[in-house]
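Comments concern the structure below.
Every number here is computed from the coordinates shown, using simple stated rules; none is lab data. Here the structure is a predicted model, which means the values were calculated and not measured. Here the Cβ positions follow ideal geometry from the backbone for every residue, glycine too, while neighbour counts run over all protein chains shown.
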Amino acid sequence: MIRAVLAVAALAVALLPVPIARDRAVAPAYDAVWLWAGVRAQPALATARRLYLLQGQVEATEPVRYAAQRAAIPRLGNREVWMVVR
């Protein structure tokens, strides 16, 4: 009986309305673009004045470890570039 009540409660919670994002970011409206490793560059990259490149991440392991994310440096042209570590 308790399992049935819990299952019904879980189903009720799962069916609650979820807020939907009404506004989407439109990349050409911004002059800065994030460029992640392994992701195909989007057309908005051509008009960006500032690029944020994910260079790597610090992993909270024992011992702490830095993991590089970028295999190669892309051809960027004359732009402001920020190398980012997360």
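Side notes on the structure shown:
- Taking every DSSP beta bridge that has both ends in the stretch 23-85, the antiparallel portion is near 30%.
- Radius 15 Å from Cβ of Val81, net charge of other residues (Lys, Arg +1; Asp, Glu -1): +3
- All other residues whose Cβ lies under 15 angstrom from that of Ala68 are scored, Lys and Arg at +1 and Asp and Glu at -1, for a net of +2.
- Between Asp31 and Arg50, the distance separating the two model label sites (each 7 Å from Cα on the Cα→Cβ line) works out to 0.9 nm.
- Each other residue within a Cβ distance under 12 Å of Trp34 adds +1 if Lys or Arg and -1 if Asp or Glu, for a net charge of +2.
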